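The values are calculated or read from the model by the stated rules, or taken from the named source; none is laboratory data. Keep in mind that this is a model prediction, so the values were computed, not measured. All Cβ positions, glycine included, derive from the backbone under ideal geometry; neighbour counts span all protein chains shown. Surface areas here come from the heavy atoms of the whole protein model, side chains and all, with no ligands, DNA or RNA. Shrake-Rupley method; radii C 1.70, N 1.55, O 1.52, S 1.80 Å.
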Amino acid sequence: MTPSPATPGPAASVSASAGPSAPAPRPTVSLVVMGVAGCGKSSAGQAVADALGLPLIEGDDFHGPANQAKMSAGVALTDEDREGWLAALAAQLAARPAGVVLTCSALKRAYRDRLRAAQPRLRFVHLVIDEQTALSRVVARAGRHFFGPELVSSQFRTLEDPAGEPGVLALDATLPLADIAAATARWVSTGDTP
């Protein structure tokens, strides 16, 4: 069962005589939905953004043509290749202090710290998945995304598990999208900060 949206507190209430109630204020939170290729970042990110009433930034849209060409050719990106991409994502986060959901692999601690520097209260939702399931998902979307199945294993080799870092929620990537969105909304509503 999906929890109902949060209701405004007494200070935000509008009396019946004043007309219809104003919508509940959006949470001031910024999240990165992260994980390896095939974990479902785009779909889960959209579900989380919808649940929280926040805009979504699709991180893959900020890869330049050179990065896309490398990945399409089955060549894994280096730290240097990712530098401009991470800078663009950090700028997007900094430009949205009222909150946003960003999809980004954020495979290494250094990448996550780069994003945290742009938005200090940033939280991460890590979609955890095994390599075989991730591979089967990437194979299923072949031709619709520039990231090919031959790169999945490199993502697992590069991933530095964020467990133990502040402001990280790990969720099973195979859960239904509604469950991922609901669990994230509950986590955000606790008010815990990184």
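Quick rundown of the values:
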| quantity | calculated |
| --- | --- |
| Amide H within-cut-off set for V125, under 5 Å, with H built and near neighbours excluded | V32, V33, M34, L169 |
| Mean Cβ neighbour count within 10 Å, used as a protection proxy, ranking 95-104, 69-78 highest first | 95-104, 69-78 |
| Solvent exposure, largest accessible area first (probe 1.4 Å, DNA, RNA and ligands not counted), of S189, S153 | S189, S153 |
| Potential lengthening between L175 and A140 on full extension [0.36 nm per residue; Cα-Cα distance subtracted] | 10.8 nm |
